[in-house]
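The values are calculated or read from the model by the stated rules, or taken from the named source; none is laboratory data. Bear in mind the structure is a predicted one, so any value in this text is a computation, not a measurement. Cβ: placed from backbone, ideal geometry, glycine included. Neighbour counts: every protein chain shown.
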């Protein structure tokens with residue numbers, strides 16, 4: 001290692017004459033290329049190809065993206081997917097924030113036990129959790145059976161299942177652990193002396209929360225919202241199991257194009273639209289939130 005002359009700021013520049021640092025970075029670069037970049041590039045190339053009969057043409061074209069724009073049904077389902085994902089993410093924030101705040105700031109004994117209980121659903125099969133919610137919301141499920149036993153209703157409530165309401169509620173439940181973890185981490189890292197200083201200056205609990213706690217946990221809040229939104233936007237199993245025809249999302253269309261219709265180029269174009277939306281959400285989150293606390297660096 002050689003030292004070069006000082007720069008304008010007075011700092012010494014160091015030149016590594018050994019390629020060891022670059023060699024150590026090769027596995028990481030190879031992993032990123034294999035797992036992340038290559039599949040995205042292949043999907044992008046596939047989205048510009050076209051299905052001709054039972055074959056896929058190698059001629060590059062914009063016909064798939066033009067078809068998405070021309071068909072109102074695709075735009076309608078995309079907007080519906082965006083709306084459901086936004087609702088589920090917002091509900092997950094409102095459900096997770098009080099839990100994260102209470103466990104991280106108010107509880108001393110048993111905090112780790114409560115933390116594990118919140119994230120315990122992640123240990124259960126994804127499909128099992130979905131089927132459980134179908135049993136809860138069904139005509140003979142827990143909610144309808146309880147209400148009928150109490151005499152509050154005479155017939156089962158039909159709006160609980162096979163619609164957008166069921167999809168949004170189930171997506172909220174699935175997203176809560178992913179929102180809770182970054183929120184809990186951000187709240188736990190807030191120094192106690194800042195809160196004590198605010199109280200010494202005459203701020204009550206409400207003003208301390210608004211002016212100190214909430215601004216400092218914004219990175220965790222944005223990270224949780226981002227994770228919940230991306231997970232909800234791309235899901236297709238929950239709409240398939242609980243959404244019915246009215247709760248269909250764009251993920252279902254993509255799955256059908258790759259499965260039943262065998263129109264991989266159109267499915268890739270729809271998938272790249274979702275990928276682009278997720279990338280924009282990620283960029284906005286990194287712009288308005290501190291990089292500290294972000295899960296994606």
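Within the set 97, 102, 74, the sole residue that is farther than 21 Å from residue 248 by Cβ, in contact with a helix residue (DSSP H, G or I) (Cβ under 7 Å, 6 or more places away or on another chain) and part of a helix (DSSP H, G or I) turns out to be 97. From the list 25, 10, the lone residue that is part of a helix (DSSP H, G or I) and at pLDDT below 90 is 25. How about segment 105-119: which of its residues are in contact with a helix residue (DSSP H, G or I) (Cβ under 7 Å, 6 or more places away or on another chain), under 25 Å from residue 229 (Cβ atoms) and free of Cβ contacts under 8 Å to residues at least 24 places away in the same chain? Within segment 105-119, no residue meets the criteria.
A single entry from 284, 254 fulfils the requirement of being surrounded by fewer than 22 Cβ atoms within 10 Å (Cβ to Cβ), touching a residue at least 12 places away in the same chain (Cβ under 8 Å) and either farther than 30 Å from residue 59 by Cα or within 23 Å of the chain's Cα centre (by Cα) (or both): 254. Taken as a whole, the condition of being within 30 Å of residue 161 (Cα to Cα) and either in contact with a strand residue (DSSP E or B) (Cβ under 9 Å, 6 or more places away or on another chain) or modelled with pLDDT of 90 or more (or both) applies to residue 233. Scanning segment 218-230 turns up no residue that is touching a residue at least 40 places away in the same chain (Cβ under 8 Å), outside any helix (DSSP H, G or I) and surrounded by fewer than 20 Cβ atoms within 10 Å (Cβ to Cβ). Given the criterion out of contact with any strand residue (DSSP E or B) (no Cβ under 7 Å at 6 or more places or on another chain), at pLDDT 90 or above and not in a loop (DSSP other than H, G, I, E, B), identify the matching residue among 281, 254, 277, 195. 254 is the lone residue from the list that is out of contact with any strand residue (DSSP E or B) (no Cβ under 7 Å at 6 or more places or on another chain), at pLDDT 90 or above and not in a loop (DSSP other than H, G, I, E, B).
Residue-level check: of (1) more than 30 Å from residue 194 (Cβ to Cβ); (2) touching a helix residue (DSSP H, G or I) at 6+ places or on another chain (Cβ under 7 Å); (3) without any contact (Cβ under 8 Å) to a residue 60 or more places away in the chain, residue 87 misses just (3).
Hey, does segment 170-180 have a residue that's touching a helix residue (DSSP H, G or I) at 6+ places or on another chain (Cβ under 9 Å), at pLDDT 90 or above and closer than 25 Å to residue 44 by Cβ? Within segment 170-180, not a single residue is touching a helix residue (DSSP H, G or I) at 6+ places or on another chain (Cβ under 9 Å), at pLDDT 90 or above and closer than 25 Å to residue 44 by Cβ. Condition check for residue 261 on (1) crowded, with 17+ Cβ neighbours inside 10 Å; (2) closer than 30 Å to residue 57 by Cα: one failure, at (1).
The requirement of being within 27 Å of residue 248 (Cβ to Cβ) and assigned to a helix (DSSP H, G or I) is fulfilled somewhere in segment 105-121, by at least one residue.
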